[in-house]
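Notes follow once the structure below has been shown.
The values are calculated or read from the model by the stated rules, or taken from the named source; none is laboratory data. As the structure is a prediction and not an experimental result, all values here were calculated from the model. All Cβ positions, glycine included, derive from the backbone under ideal geometry; neighbour counts span all protein chains shown.
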Amino acid sequence: MGTQKYTFVLVDDSDIDLLINKRFIELSELSKDVYTFTESQPTLEFIKTNKEKLTDVIFLIDLQIPDMNGFELAEKLTLQNPAFVEKSKIFILSSSIDLEDKLNAANIKNIEAMLSKPLNMNTLLSKLEPVLAK
Amino acid sequence: MPKPHINLLYIDDEEANLNGFKAEYRKEYNIYTTTSVSEAEEILAKHEIHIVLADQRMPVMTGVQFFEKIRHQYSEPVRILITGYSDINAAIDSINKGEVFRFIDKPWDNDYVRTAIENAYDIYKTRKELRERNTELQKAYDELDKFVYSASHDLRAPLMSILGIVQLSELETGNSNQYLKLIEQSVHKLDKFILSIIDYYKNSRSDFHIGAIDFNKLIGDITESLNFMPGFSKIDFNIHINQVSNFKSDPIKLRIILSNIISNAVKYHDKDKVKSTIDVNISCTSKECSIIISDNGIGLKDGEKDNIFKMFFRGNNPNSGSGIGLYIVKEAVTKLKGSIDVESNQTIGTTFKILIPALD
């Protein structure tokens, strides 16, 4: 299986959720390279410095991160690294049930989908695998 | 019963009418008079006029036309038209169109005018109260909106974490202790949010309960209730309370204020510093109380200082809370008629200065 080459970047202000999601991804054997961030700035810097080395990155971004929301971070990522984001996949992950957020997700073209927390094996496989297979 | 202070504006082209009116009522009401439309508008702009009386027959414009002219810009004063019998149709028409509240026919009966003025003032007062209620209601609606949005996230987030942990632990064996620890953290997080909502409710809905404040006991209770917090045992508390006389305020609101600020100081202590300190200095007379709480914690980032008291503002920090604590603090300080200031930077730490007057 070629899926191991994918790199996951998780951004979430909750340490607990980062830990859970990282472990899920490890158990799913989708990837061993999982990077976690609690803030947006370090995420942007990490991508800026490492984008040459990273390929096929899958972002799971929480809707509520401290200094900006997940959509804004997705937008910044795209703006700063257009070619890189073109080859990456961005998912917004949230426990929010607010409809407006979900509509927003549908309207922003670089965001693949909106995933509900908790991330579980079924969500991961059903939502991520079709994307990975492309 | 003391008479309310009623401000009247009376416009009439006949000076004699104005003078007669003033002579009769000047002891009861605060009266402005003029013969000119433009001067009338100046008076309306400068003073809080409750009731406007206008003569119908004036050379430049009729009373009804005058009311039409001012009713949009000055919608608050209640309008009374003074007219002779021959203008009765104009008066009826203007009442039906809602331009005037009453009309008084000339020559007027003094008691009738008095009743008309008092009734008009009642209308003015009622409308004003209604506007104030509406503003309060709008604020409550806005808060409720924000609350529902925030609750959908903040109440669900810890639950979804727990659900995730449970699902994860079903896939793995042997790690259950670590997962239980994570569940415990999530439960505390959720509980804290619920407690802060209860605080908010107590603060905004409940009446005042004024009582004598014993700051030694209050601070002791608060620090004791916080000792479960991570890192608490490593923090040095320096508490100086100088309370020589009896100080009265609302103990519930004071507890909300102090416990939120002190628990923030504990939560945001700087793990990189060798020694974490929280200084509490309280100095109290029977009239006023000054409370200064300083920590050498991680401090606020640029631009955060202006926003920390806003509802659901969350600092730029991975551990930031729900954004409700300091909002409640600010509301509580305002209710106690006090003031709160914050000084903070990322090297020294944060200082909150609170001044609270004594309440009876």
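For segment B:287-298, state whether one or more residues are under 30 Å from A:Leu10 (Cβ atoms) and touching an Asp or Glu at 6+ places or on another chain (Cβ under 9 Å). Yes, segment B:287-298 contains at least one residue that is under 30 Å from A:Leu10 (Cβ atoms) and touching an Asp or Glu at 6+ places or on another chain (Cβ under 9 Å). Scan segment B:91-103 and give yes if some residue there is closer than 25 Å to B:Leu130 by Cα, modelled with pLDDT of 95 or more and not in a helix (DSSP H, G or I), otherwise no. No, segment B:91-103 contains no residue that is closer than 25 Å to B:Leu130 by Cα, modelled with pLDDT of 95 or more and not in a helix (DSSP H, G or I). Pairs are defined by a Cβ separation below 9 Å, a sequence spacing of at least 6 or placement on different chains, a first member in segment B:162-177 that is modelled with pLDDT under 80, and a second member that is assigned to a helix (DSSP H, G or I); the pairs so defined are B:Asn175/A:Arg23; B:Asn175/B:Leu168; B:Asn175/B:Ser169; B:Ser176/B:Ser169. Screening segment B:116-232 for helices (runs of 4 or more DSSP H) wholly inside it with 2 or more residues that are away from chain A (no Cβ under 14 Å), more than 26 Å from A:Gln64 (Cα to Cα) and in contact with an Asp or Glu (Cβ under 8 Å, 6 or more places away or on another chain) returns the ranges B:176-205. As a summary of the residue check, B:Phe193 satisfies the conditions (1) loosely packed, with under 15 Cβ neighbours inside 10 Å; (2) at pLDDT below 85 except for the one numbered (1). Among the residues examined, B:Phe103 does not qualify as surrounded by 15 or more Cβ atoms within 10 Å (Cβ to Cβ), within 14 Å of chain A (Cβ to nearest Cβ) and among the aromatic types (Phe, Trp, Tyr). Just one of (1) in contact (Cβ under 8 Å) with a residue 40 or more places away in the chain; (2) outside any helix (DSSP H, G or I) fails for B:Phe66. It is (2).
The numbered conditions (1) modelled with pLDDT under 90; (2) over 30 Å from B:Tyr149 (Cα atoms); (3) in contact with a strand residue (DSSP E or B) (Cβ under 7 Å, 6 or more places away or on another chain) are all true for A:Val34 except (1). The set of residues in segment B:253-297 that are more than 15 Å from B:Gln243 (Cα to Cα) and part of a strand (DSSP E or B) comprises B:Ser276, B:Thr277, B:Ile278, B:Asp279, B:Ile293, B:Ser294, B:Asp295. Residue count for segment B:275-292, restricted to those that are of a type in the set (Lys, Arg) and more than 27 Å from B:Thr347 (Cα to Cα): 1.
Against the conditions (1) surrounded by fewer than 21 Cβ atoms within 10 Å (Cβ to Cβ); (2) over 14 Å from B:Lys353 (Cα atoms), B:Ser290 satisfies every one except (2). Condition (residue is free of Cβ contacts under 8 Å to residues at least 60 places away in the same chain and among the aromatic types (Phe, Trp, Tyr)) applied to segment B:113-127: is it met by at least one residue? The answer is no; no qualifying residue exists.
In the set (1) in contact (Cβ under 8 Å) with a residue 24 or more places away in the chain; (2) under 21 Å from B:Arg127 (Cβ atoms); (3) of a type in the set (A, V, I, L, M, F, W, C), B:Val37 fails one condition alone, (2). Highlighted here are the helices (runs of 4 or more DSSP H) found entirely within segment A:1-92 that include at least 1 residues which are acidic (Asp, Glu) and within 14 Å of chain B (Cβ to nearest Cβ): A:15-28, A:70-80.
Checked against the criterion of being over 24 Å from B:Gly220 (Cβ atoms) and touching a strand residue (DSSP E or B) at 6+ places or on another chain (Cβ under 9 Å), the candidates B:Asp295, B:Asp360 yield just one match: B:Asp360. Residues that are part of a helix (DSSP H, G or I) and surrounded by fewer than 15 Cβ atoms within 10 Å (Cβ to Cβ) within segment B:5-19 comprise B:Glu15, B:Ala16, B:Asn19, listed in sequence order.
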